[in-house]
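The values are calculated or read from the model by the stated rules, or taken from the named source; none is laboratory data. Quick caveat, the model's predicted, so the values are computed rather than measured. In this analysis, Cβ positions are derived from the backbone assuming ideal geometry, glycine residues included, and neighbour counts consider all displayed protein chains. These area figures cover heavy atoms from the full protein model, side chains too; ligands, DNA and RNA do not enter into them. Shrake-Rupley method; radii C 1.70, N 1.55, O 1.52, S 1.80 Å.
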Amino acid sequence: MNDHSHTFARFWKCALQVNTAGYSAAYRGASHGLSEAEYNAAVVGRCEELRVDVVGIADHGGIESIDALRKALQASGIVVFPGFEIACTEKFHMVCLFTEATSRDELNRYLGALGLTKPEATVWPSSKGCQEIAREVHQLGGFWYAAHATLENGMLFRKSVHNWVDSESLRAVQIPGAVDDLPPEFKQIILNKDPNWKRERPVAAINARDVARPDDLADPSATCLIKMTRPSFDAFKVAFLDPESRVRLNSEQPVEPPGSIHAIRVSGGYLDGLHAVLSGHLDTVIGGRGTGKSTLIECLRFALDLIPTGTQARKLHLEIIKENLGKELGRVEVEITSSAQHGQRYTVTRRHGEAPIVRDALGQVSTLLPRDLLPEIDVYGQNEIYELAQDESSRLRLLERFMPKDHDARAQLEQVQRRLRENGAQLTKALDDADQLQAQVNRLPKLQEQLQGYDAFGLKDKLARVPLLERERQIDTRAQEESGRVQSALAALEDALPDLTFISDKALEGLPNAAALVAMRAVLEQLHKSMSDLLKQGNASVAQAEVAMREAREMWLTVQSTAQTDIDKALRGLPAAAGRTGQQIGAEYQRLQQEIEGIRPLSTRVTTFAQLIEGLQQDRRNLLAQLSDRRHQRLQALHAATKRLNKRLDGRLRIEIEPEGDRKPLKDFLLECKLEGVGEKRLTWIDDRSTFSPIQLAESIREGKGMLEVEWGLTPVVAEALAKLPRSKMMALESLELAHRVRIELNVAHGDAPPVFRALDKLSTGQQCTAILHLLLLDNRDPLVMDQPEDNLDNAFIAERIVRELRQAKTQRQFIFATHNANIPVFGDAEWIGVFSATESHGSLAASAQGSIDVPFIRDNVATLLEGGREAFMQRKAKYEF
């Protein structure tokens, strides 16, 4: 049995010209060899097998065997539209279908009214022409289409131009396959591009070949796809009022969006008991104010843990959730198809005060987060589109989503930035250490001169051993350092031994090339063993060296102590001079000697530091060049993405990139440096310069204050403050990232008028939001959810452009809108419309209040809520003289 209990419009497979058993045997030239009961059972079986949901029974000029087949099909849950095929006086065929409840007697009367008064003459033409038959069928509440129009007895083949153009009730034409496979002259007519056959309302192309035998149903040209909430004749006729959205050939199989939200359930709180089953395409929420539309959007955002970025939006979101879920600790449940997880189904639940829980299709709790399931979902509450339009960085992020996802390039850029930071830290330390070292070395001449002043006391000979003993102490210190380095190296070697757990038998279990991996493991095992042996040897050698070193040091410390005692004795025997005792003079002399001997070896280290600094500086030059290359590649990709976007948005939107146009990061950086006498007002030169590069600025700063004044036109105060930047800040300046600016221009002309592009900052609020929405409607694998977009949109642009783009985009992406604007659900042809209602303390959305415009209850509420009711609609129609 076919399930027709849907709450949203979807495509149903329809076979719209199935013949009965008797007609097929008598008039199709070859018997199917089945009794009527066998034939009917076979047709039902094939319909079930092929998932055919709707059957139009249409024998040529007769209806004698229709009831038996209809009864068999209906018993299997297949919807049946009874009817017949007739030929008009112009000698082309028309298939006429009627409501499900039409009886055989009524069909007989219809045949008589259409000029077929002899039931036995089924293959003869009617006595009436196409236009007259069309009017009669329309008055009877029926539907007709031009049968096998490209064949000999078809409307197009017979060149019946006036009937094609003037038949207002003509909604569909049967063709044998895909439109692209038609001969060029027929294809142009079907596409409404032939000026001689041009119609105000294009005709839908359908596949509905005669089914004379049950197996004919398997032919793709025997069925087509019609979008309806639930299959019914009324919904079927509504579909042909909007064939672009609701009629598909089998060659045009609809594509399901990669990421979509299927259902939302709320338990507890204002929307307690709500269960919305969405279509995955264009889903709209309507209802009076205060019925819960915004609450539903915010509940969805709450479940998916999507916190708004704007301050006001975040505050409003938290207030709505607290008020409508918090008091009863309510819970929201969302069923999702994940784009990022290759179409897998998940259920996300979240209770107020708790984190979201993600479960897979088997009900197992997943480690994935909601954002992992729909990473590119866009959710915007009221007025958030306007906030996005005002934010430069948000606009840039929006544009970057259309760039190729080159994760390697981004990773390389981040790696260069990281290495530059590391290099900057190392170079700063090396330069600081070198400065300190050089400052020590620079003291040596002064210390030596001071030492010469003690020669008059004859201390040089008496204390000749002082510098020698100091050298010994330095050698002792260096010996301890060298021993310690060996111990550190052995510890590092122990940490670096291969870890084999990743390649254990358990890890290799089930792998197709495990044998080759086992050979790799053997190499690592041998390496581990060899290094372990070396480590044992090294540790043993270090232990022996420690013992030997301890013995040697004890011996040296003994003689060092004896020598120091002799020196101290000599110092006590020195004569007093210049108000100082001999011992004081000797102690100062000894201190000078110690300082001099401590500084002498540093001269060689200055050379070593110079080599280290040169190496780090060369590394930095290389890294800065790589950074420039990576930035250029990224900018080129952004320009390419912009060109593609401009091509797709031709006539609607124009986008330009101002490379590194956002100077705010540089201003913030310099303000954080707290330059003396430099506030925000003295940084206006940053925006005044047409071209700018932080690297170029850093080079000019190194050249000095004069260069900054001449080349950059800076005031002496600013130039002097910049020249005093510490080297760490200079290096940070070199790698500072300036974001690109996005210039967006909207075509504000209406209709077919020549385009008039105006910059975003020159637009009204509604036009600004329209411009941003043009970008949001473009390709994205995950849903776009918006609460009342019309609040900030120009109404004319909604009707002229946004709705048109929605109709095209909704086949590839899901849109969920809460709206008061009829243009979006009606002209956008929403597959799902949810009509909210409310009591004083509870909002509700019953299953019967969910469906498409082809459901009478939905249609009436759309007219009432969005159009002001039927009477108001008719009054506007009269006033506008439509």
Inset, instruction - Output the residue which, of all residues in region 701-737 that are open to solvent by less than 20 Å² (accessible area, probe 1.4 Å) and touching an Asp or Glu at 6+ places or on another chain (Cβ under 6 Å), is nearest to GLY424 (Cα to Cα). - result: ALA721
Inset, instruction - Report whether or not ARG397 is surrounded by fewer than 14 Cβ atoms within 10 Å (Cβ to Cβ) and either touching a His at 6+ places or on another chain (Cβ under 6 Å) or within 15 Å of LEU635 (Cα to Cα) (or both). - result: yes
Inset, instruction - Assess whether HIS275 counts as being surrounded by fewer than 18 Cβ atoms within 10 Å (Cβ to Cβ) and under 23 Å from PHE836 (Cα atoms). - result: yes
Inset, instruction - Need at least 2 residues that are over 28 Å from GLU414 (Cα atoms) per element, so show me which helices (runs of 4 or more DSSP H) inside region 661-747 make the cut, counting only ones lying wholly within it. - result: 685-688, 705-711, 716-723
Inset, instruction - Sort out for me the helices (runs of 4 or more DSSP H) sitting completely within region 285-375 that have 3 or more residues that are charged (D, E, K, R) and crowded, with 16+ Cβ neighbours inside 10 Å. - result: 293-303
Legend entry - Qualifying residues in region 492-516 (those that are small (Gly, Ala, Ser) and open to solvent by less than 50 Å² (accessible area, probe 1.4 Å)) - the one nearest to ASN539 (Cα to Cα): SER504
Legend entry - Elements of type strands (runs of 3 or more DSSP E) in region 64-155, at least 3 residues being out of contact with any Ser or Thr (no Cβ under 9 Å at 6 or more places or on another chain): 93-97
Legend entry - Index of the failed condition, ASP650 passing every other in (1) open to solvent by 30 Å² or more (accessible area, probe 1.4 Å); (2) assigned to a helix (DSSP H, G or I); (3) modelled with pLDDT under 85: (2)
Inset, instruction - Considering (1) touching a helix residue (DSSP H, G or I) at 6+ places or on another chain (Cβ under 7 Å); (2) open to solvent by 10 Å² or more (accessible area, probe 1.4 Å), say which one ILE264 fails and leave the rest. - result: (2)
Legend entry - For LEU249: the one exception among (1) farther than 23 Å from ASP829 by Cβ; (2) modelled with pLDDT of 95 or more: (1)
Inset, instruction - Tell me which residues, restricted to region 657-691, are open to solvent by 90 Å² or more (accessible area, probe 1.4 Å) and among the acidic types (Asp, Glu). - result: GLU672, GLU676, GLU680, ASP688
Inset, instruction - Report yes if GLY766 is open to solvent by 20 Å² or more (accessible area, probe 1.4 Å), out of contact with any Gly (no Cβ under 7 Å at 6 or more places or on another chain) and of a type outside the set (A, V, I, L, M), otherwise no. - result: no
Legend entry - Total residues in region 162-211, condition open to solvent by 50 Å² or more (accessible area, probe 1.4 Å) and part of a helix (DSSP H, G or I): 11
Inset, instruction - Please work out if TRP164 is under 21 Å from VAL179 (Cα atoms) and either in contact with a helix residue (DSSP H, G or I) (Cβ under 9 Å, 6 or more places away or on another chain) or in contact (Cβ under 8 Å) with a residue 40 or more places away in the chain (or both). - result: yes
Inset, instruction - State whether one or more residues within region 583-604 are loosely packed, with under 11 Cβ neighbours inside 10 Å and in a helix (DSSP H, G or I). - result: yes
Inset, instruction - Would you check which residues across region 241-257 are part of a loop (DSSP other than H, G, I, E, B) and surrounded by fewer than 20 Cβ atoms within 10 Å (Cβ to Cβ) and list them? - result: LEU241, ASP242, GLN253, PRO254, VAL255, GLU256
Inset, instruction - Quick one: count up the residues across region 773-797 that are over 21 Å from SER294 (Cα atoms) and open to solvent by less than 10 Å² (accessible area, probe 1.4 Å). - result: 3
Legend entry - Residues of region 490-514 satisfying the condition of being part of a loop (DSSP other than H, G, I, E, B), farther than 26 Å from ASP533 by Cβ and in contact with a helix residue (DSSP H, G or I) (Cβ under 7 Å, 6 or more places away or on another chain): LEU511
Inset, instruction - Report yes if some residue within region 540-555 is touching a Lys or Arg at 6+ places or on another chain (Cβ under 7 Å), open to solvent by less than 80 Å² (accessible area, probe 1.4 Å) and in contact (Cβ under 8 Å) with a residue 24 or more places away in the chain; otherwise report no. - result: no
Inset, instruction - With respect to GLY280, determine if the residue is in contact with a helix residue (DSSP H, G or I) (Cβ under 9 Å, 6 or more places away or on another chain), open to solvent by less than 10 Å² (accessible area, probe 1.4 Å) and on the phi > 0 side of the Ramachandran plot. - result: no
Inset, instruction - Output yes when any residue across region 221-232 is more than 30 Å from THR349 (Cα to Cα), of a type in the set (Ser, Thr, Tyr) and open to solvent by less than 20 Å² (accessible area, probe 1.4 Å), and no when none is. - result: yes
Legend entry - region 804-828 - residue that is open to solvent by less than 10 Å² (accessible area, probe 1.4 Å) and of a type in the set (D, E, K, R) and, of those, nearest to ILE858 (Cα to Cα): LYS810
Inset, instruction - For ALA519, work out the one condition from (1) more than 30 Å from GLU470 (Cβ to Cβ); (2) surrounded by 12 or more Cβ atoms within 10 Å (Cβ to Cβ); (3) out of contact with any helix residue (DSSP H, G or I) (no Cβ under 7 Å at 6 or more places or on another chain) it doesn't fulfil. - result: (2)
Legend entry - Among residues of region 72-90, those that are within 50 Å of the chain's Cα centre (by Cα) and open to solvent by 10 Å² or more (accessible area, probe 1.4 Å), counted: 5
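Yes/no matrix, rows are residues, columns are (1) at pLDDT 95 or above; (2) open to solvent by 10 Å² or more (accessible area, probe 1.4 Å); (3) not polar (S, T, N, Q):
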| site | (1), (2), (3) |
| --- | --- |
| ASN2 | no, yes, no |
| THR20 | no, no, no |
| CYS47 | yes, no, yes |
| GLY56 | yes, no, yes |
